[in-house]
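**Q** Got a structure for you, questions after.
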């Protein structure tokens, strides 16, 4: 059982991080489309929104993956996930948007578990003591 506990934390971090890393690299590949998408939802300063999304998805994804400053980064990622749910997936008349809204809330819940429990044994946080 100890091995299951030891390896479940980094696996959980990987599963959370990969979603954000892939999304972030997709945004790098097509910044204009992402900026246009942000603007189409009526948010001000879409270029700033793009920069925040990249920082959260790539920076936050990498930090969660390696388990560095996990509780802080996970709290920020939970807020980012909730914000994206509210600003981009709140059209509850559209079933796909409702599903994405709930998915983002579930991801925020996963990050809150990291806030509560930390990164686990196999992480930079744990190596630092």
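**Q** Hey, can you tell me all the residues within the range 38-51 that are without any contact (Cβ under 8 Å) to a residue 24 or more places away in the chain and in contact with a helix residue (DSSP H, G or I) (Cβ under 8 Å, 6 or more places away or on another chain)?
**A** Across the range 38-51, the qualifying residues are 38, 39, 46, 47, 49, 50.
**Q** Is it true that residue 93 is surrounded by 15 or more Cβ atoms within 10 Å (Cβ to Cβ) and outside any helix (DSSP H, G or I)?
**A** Criteria not met by residue 93.
**Q** Among the residues of the range 16-34, count how many are within 15 Å of the chain's Cα centre (by Cα) and in contact (Cβ under 8 Å) with a residue 12 or more places away in the chain.
**A** 10
Where a number appears in this text, it was derived from the coordinates with a stated rule and is not lab data. Given the structure is predicted, the values throughout are model-derived calculations rather than measurements. Counting neighbours? That spans all protein chains shown, and the Cβs are built from the backbone with ideal geometry, glycine included.
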